[in-house]
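Working notes for the structure below.
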Amino acid sequence: MSLLVVGLSHRSAPVSVLERASLNADAQVKLLQDTVAAEPATEAAVLATCNRIELYADVDKFHAGVAELSTLLAQHSGVGLEELTPYLYVHYEDRAVHHLFSVACGLDSMVVGEGQILGQIKDSLARAQELHSAGRLLNDLFQQALRVGKRAHSETGIDRAGQSLVTFGLEQLARGGDVQEWARGKKALVIGAGSMSSLAAATLARAGVAEVVVANRTFDRAERLAQILSEGDDTDVLARAVPMESVPAELTRADVAVSCTGATGLVLTAESVADAVGGRTPAPDAGTGGDGPAAPGGSGRTTGPDARQGGLTGTSLGSEDGCPLDLSAVQGTAGFSVLGEAAVAGMAAADLEQHAAWVDNGTAGGGQRAASPARPGTLDPAADTDAIAALAATVATVGRIPERRRPEPVEEPQRPEPVLFLLDLAMPRDIDAAAHRLAGVRLVDIESLAEASAGAPMAADVDQVRRIVSDEVAAFGAALRAAHITPTVVALRTMAADVVASEIARLDGRLPGLDDKHRAEITQTVRRVVDKLLHAPTVRVKQLAAEPGGAGYADALRTLFDLDPETVAAVSRAEDSTTQRDRGPA
């Protein structure tokens, strides 16, 4: 039998696919049951988190195992196999061990070094043990993964390379600023009371928020979490629990909301977020180019006696006789100026001459043309004689001003400062992604966290953790291969003991008068001879079997000593039964 893992994660699949393929608790149970019922697999465990869905199994055939596990993942996730296949990865034997150990250490997490994954691995093992889908291989594998993860966190500074997804999300909400300074005094709403939501509530409490309101479908769990927060020694936060029906009302009071539930649909729609924000979004300052009303005519410019348009006063430029421009068509263009190069580019020489006369003599709106220094970008006849002469020469040659327009700067509308910060840690998402486009709202979800963490620098401690993982994988593989040959060695020694017993019985028949003292001495001597003959071969075969490619030594031993395969299997089953009884829950 061999270890196989088939899965997908934030590294192999887009968030949209992970969201659709997510498995709730019932789906995970059914997947485990169907996997162990399938022909290639004898053991199975599912590791399902916000960022990964992985199916581990002990299989006897690689290709058949990959096909079966992929099909089962597709069936239970609801994503078609053809659509899911491009995003699946497969790890086998030592590579599968290496993958799980890396996951346990946080090396494969969206935020490198986060420790939340250890609790999720523990939950995965406990579920498999409860359903009796984890046998000796997966029990040993997951138990060792937990030990390796704890070792990585205790012996290295991997925690400095990253932090929990909650902390990273809060840093994104604070735009990289100090989370404690950003959170101080805010009112927080936490939707959900699971492990991730509890971590979020505790993190916000330690960061210094003034209040944490916990909402959950099971009110008792919300009350329990609120009580834990209130009684915590390291915070003095005010915490209380509310039913899920109170979320819309609480959202109108909250400054920050974190959601991580197991709901299959949206918990917060864009409309509900808009309703919560309505009436408290600050209006943009006048003249900032924000969302204020446009001036008459659709130009979006301010009117009045001080309004300027390329150095001309007034707003009735389009009504002046003699101007060759179709002002009604172009006056609303952002950054347009009747005196700028953008206005006259491409104009014929005769029209240019008419336009120049109109500008020189015009009194648009009754105001006199402003002095040249007040019109940035226009030519001063005294200071720019050479430039004017070159322009005149160009007009004389080509008959029109060349089109050398540069893009006019367009002032982007300024979004008001957020009044509601949303952190969505659920998969599938709890909060409508459209809420990000609402004025006064800042939304950070799994997808934006993935983008933000893609270029995060790796800490120096990561290399040390990788060495730990490599050493632990080698040790686990050696122990696994050595354990594989142990039933064969036990069966060989059992056969040798039976041979000794048979020969002593034959000796009793041939020497019936042999006294007990001499009989015991003879028996002990024969046993010592057998033990000495078997000692070196059995020790050496265990050493060889522990090395890569050493699995064949067990077969060689069974062949050389003509061991009964059923005897070896019976020893293996007895060891598995004893190990399972002594192991207990994760």
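Miscellaneous remarks
- Cβ-Cβ distance of Asp463 and Ser16, R₀ of 41 Å, FRET efficiency by 1/(1 + (r/R0)^6): the value works out to about 0.80.
- Solvent-accessible area per residue in segment 27-156 equals 38 Å², computed with a 1.4 angstrom probe and all protein chains kept.
- Sites Ala249 and Arg95, calculated FRET efficiency, Cβ-Cβ separation with R0 60 Å, nearest 0.05: 0.70
- Accessible surface of segment 66-194 [probe 1.4 Å, protein heavy atoms]: carbon and sulfur percent: 45
- Burial order of peptide ranges 84-94, 11-21 (average beta-carbon count within 10 Å, highest first): 11-21, 84-94
- Label point distance in nm, Ser195-Ala433, each placed 7 Å from Cα along Cα→Cβ: 2.7
- By average C-beta atoms within 10 angstrom, highest first, the peptides 35-48, 245-258: 35-48, 245-258
- Heavy-atom accessible area ranking, 1.4 Å probe, most first, across Glu82, Glu54, Glu503: Glu82, Glu503, Glu54
- Alpha carbon centroid spacing (whole Å) that separates segment 190-251 from segment 1-67: 33
- Calculated FRET efficiency for the pair Leu560/Ala505, C-beta based, R₀ 30 Å, to 0.05: 0.70
- Heavy atoms of the protein chains alone define the surface here; on that basis segment 193-285 has 48 Å² accessible area per residue at 1.4 Å probe size.
- Theoretical gain in end-to-end length, Asp236 to Thr71 [0.36 nm per residue, Cα-Cα removed]: 54.3 nm
- Apolar share of the accessible surface for segment 416-550: 57 percent from carbon plus sulfur atoms, 1.4 Å probe.
- Protection proxy ranking, highest mean first, for peptides 111-119, 71-79, 505-513: 111-119, 71-79, 505-513, where packing is the per-residue count of other beta-carbon atoms within 10 Å, averaged.
The values are calculated or read from the model by the stated rules, or taken from the named source; none is laboratory data. Computed from a predicted model, the values in this text were never measured in an experiment. Note that we place each Cβ from the backbone using ideal geometry, even for glycine, and neighbour counts take in every protein chain shown. These area figures cover heavy atoms from the full protein model, side chains too; ligands, DNA and RNA do not enter into them. Shrake-Rupley method; radii C 1.70, N 1.55, O 1.52, S 1.80 Å.
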